[in-house]
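Working notes, structure below.
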Amino acid sequence: MTDSLQIKPSTIEEIPALNVMIAESARELSRGFYTEQEAESAIRFVFGVDTALVKDGSYFTAWLDGRLAGCGGWSRRNTLYGGDQRPVGEDDFLDPTHDAARIRAFFVAPHAARRGVGMAIFKACRDAAWAHGFKRLELMATLPGVPFYRVLGFEKMEDVADTLPDGVTIRFERMGLNLA
């Protein structure tokens, strides 16, 4: 991680720029994991900011050398994945005594890949979830994200295939991590 990396709570005003960066990230960093058709379908129906996370104060924007470098968040809500265009799961609140907090919508700008951005965002999310009483984390990993999450200690719970409204099927891996 460099001294010029800053992680801050996301703002509503940043959402358009974050969605542009998310699309760039998905197109570039998904190569070799998803076909171009799968990546474009996921951008249209899955990948994007969930405004509820921004409003909850649990979504973070990363800046590296003054440039937008990434985003990601955690959630006290049951929604497991998906952006504003198609959230997957109920929006009700989780109970930290028996539910796992959700890690949501992590994306790193291609220019910032492998520079500590994702790790810094994850640490901010993990610490915030812990401070809210959560002892476990759960997420729906994109295929390019699986190696990153394994390094963090997440373990595979199940393979998931989501058929999107245009008929394209996207593969994910549902993963979990005990914090205690």
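The values are calculated or read from the model by the stated rules, or taken from the named source; none is laboratory data. Remember, predicted model here, so these are calculated numbers, not experimental data. Every residue, glycine as well, gets a Cβ built from its backbone with ideal geometry; the counts of neighbours run over all protein chains shown.
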Subject >> Set Ala62, Ala124: member being under 21 Å from Pro9 (Cβ atoms), in contact (Cβ under 8 Å) with a residue 12 or more places away in the chain and part of a helix (DSSP H, G or I) >> reply: Ala124
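Residue by residue through segment 129-180, note down the ones that are assigned to a loop (DSSP other than H, G, I, E, B) and of a type in the set (Gly, Ala, Ser). So that I can check it myself, show each step before the final result.
Step one: of segment 129-180, the residues assigned to a loop (DSSP other than H, G, I, E, B) are 132-135, 152-154, 164-168, 179-180.
Residues satisfying the conditions are Gly133, Gly153, Gly167, Ala180.
Quick grid of which residues meet (1) of a type in the set (Ser, Thr, Tyr); (2) surrounded by fewer than 18 Cβ atoms within 10 Å (Cβ to Cβ); (3) in contact with a strand residue (DSSP E or B) (Cβ under 8 Å, 6 or more places away or on another chain):
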position: Pro16; (1), (2), (3): no, yes, no
position: Glu24; (1), (2), (3): no, yes, no
position: Phe45; (1), (2), (3): no, no, no
position: Trp74; (1), (2), (3): no, no, yes
**OP:** Could you figure out which of (1) surrounded by fewer than 17 Cβ atoms within 10 Å (Cβ to Cβ); (2) out of contact with any helix residue (DSSP H, G or I) (no Cβ under 9 Å at 6 or more places or on another chain) isn't true of Arg31?
**Re:** (2)
**OP:** Mind listing just one residue for me: the one in segment 98-112 that is modelled with pLDDT of 95 or more and among the small types (Gly, Ala, Ser) and, of those, surrounded by the most Cβ atoms within 10 Å (Cβ to Cβ)?
**Re:** Ala101
**OP:** Filter segment 124-180 down to the residues that are under 16 Å from the mean Cα position of the chain (by Cα) and among the aromatic types (Phe, Trp, Tyr), then identify the one that is surrounded by the fewest Cβ atoms within 10 Å (Cβ to Cβ).
**Re:** Phe148
**OP:** Return a yes/no flag: does segment 89-97 have any residue that is surrounded by fewer than 16 Cβ atoms within 10 Å (Cβ to Cβ) and at pLDDT 95 or above.
**Re:** yes
